[in-house]
Amino acid sequence: MRYAQGGGLNAERRQAREQIRLEAAGRFARGEKNARIAKELRVTERSVERWRRRWHEAGEQGLASRGSPGRPKLSDTQFALLEQELAKGPAVHGWADQRWTLSRVQTVIGRRFHLTCSVAAVWRLLHRHGWSWQAPSRRALERNEEAFSMTPPRANTWGPCGQTPVVRVRGRSWRRWSIAALCCYKSGKRSRPIYQPRPYRRRKNERKSFDWTDYRDLVRRAHLQLGGPVMLIWDNLNTHLTAGMREYIAEHDWRTVFQLPPYAPDLNHVEGIWSLLRRGPLANVAFADNEHLVRTLRRGLRQIQYRPHLINACLTETGLTTSNKHPTTRRNPQ
């Protein structure tokens, strides 16, 4: 029987293994070599080395059996109750998205059965009862013009084998939100994102996405918050190349712009931020209204902002590095 099917060592076999370790402890005391002990006890030298370290640290007590490994103490009846709780969905238990992770299942086990177990033990428990990590499918709800429309990115979730999880999404509507962000890096300083959301209210002559003035205001706010010159690296979005944006760049010498190649998403570090959002707080979520979406976006970006190592990882993925050398700013002719 395999470990994933509930196999492993029973109490009798664990006691036999303990006797081998205790016999090795006696040989340690007599000063025998590891190779000889491993050969006569029919074990590997690596195991003998590990036993010797434990013997030096805690004596024979360090070689005593520690019982069964950390497996959640859930009977078949209790796991059936756990499946009923998981079938209700994460929203019933206080999570916004429709995704079961190991840490969330661990939390449900603690709340429902008052048991403490590790994430690895939860993984073994789910595998032993036929659950797997799989990609869900989408199913549309009824159309609702008052609700916010978004087809969320799919993220893997735990579910019973042979039963594909379903993510329910809402019908289409005219509501729309756009968001722009900057990742700010400086050698020796904490990395940080600066972002700006923009709703589309369906007004007359209103642009659905960001205008060049919105990007101008975002960069201006970054300049005020950072308190120094800004070296901007961005892609060739048509809004970035408008005449108004070029004139604004020419009028301010505190801003140096470097354009990326025509199509180089692998060099755009902001793409890593969008990937973190899609795979994290936005995954498997059917938003109820604008406020729900804004709260989720701000919470997700705030979580990234509090973890600068994630922002640094987005830069590392592009292969670019920061430098203390500042480029010479361009002066306008007098």
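Points worth noting:
- Two-site FRET efficiency, A11 against E317, from Cβ-Cβ distance with R₀ of 51 Å, rounded to 0.05: 0.55
- Set of aspartates and glutamates with alpha-carbon distance to K39 below 18 Å, sequence-local pairs under 8 removed: E18, E23, E49
- Length available on full extension from R302 to E23: 0.36 nm per residue minus the Cα-Cα distance, which gives 94.8 nm.
- For region 52-133, radius of gyration divided by Kirkwood radius, i.e. Rg to Rh on alpha-carbons: 1.15
- Among residues other than H56 with Cβ under 13 Å from its Cβ, the summed charge is +1 (Lys and Arg +1, Asp and Glu -1).
- Protection-proxy order for peptides 103-109, 251-257, each taking the mean of Cβ atoms within 10 Å per residue, highest first: 103-109, 251-257
Here, each number is a calculation from the coordinates, and none is a lab measurement. Here the structure is a predicted model, which is why all the values come from computation and not from measurement. Note that we place each Cβ from the backbone using ideal geometry, even for glycine, and neighbour counts take in every protein chain shown.
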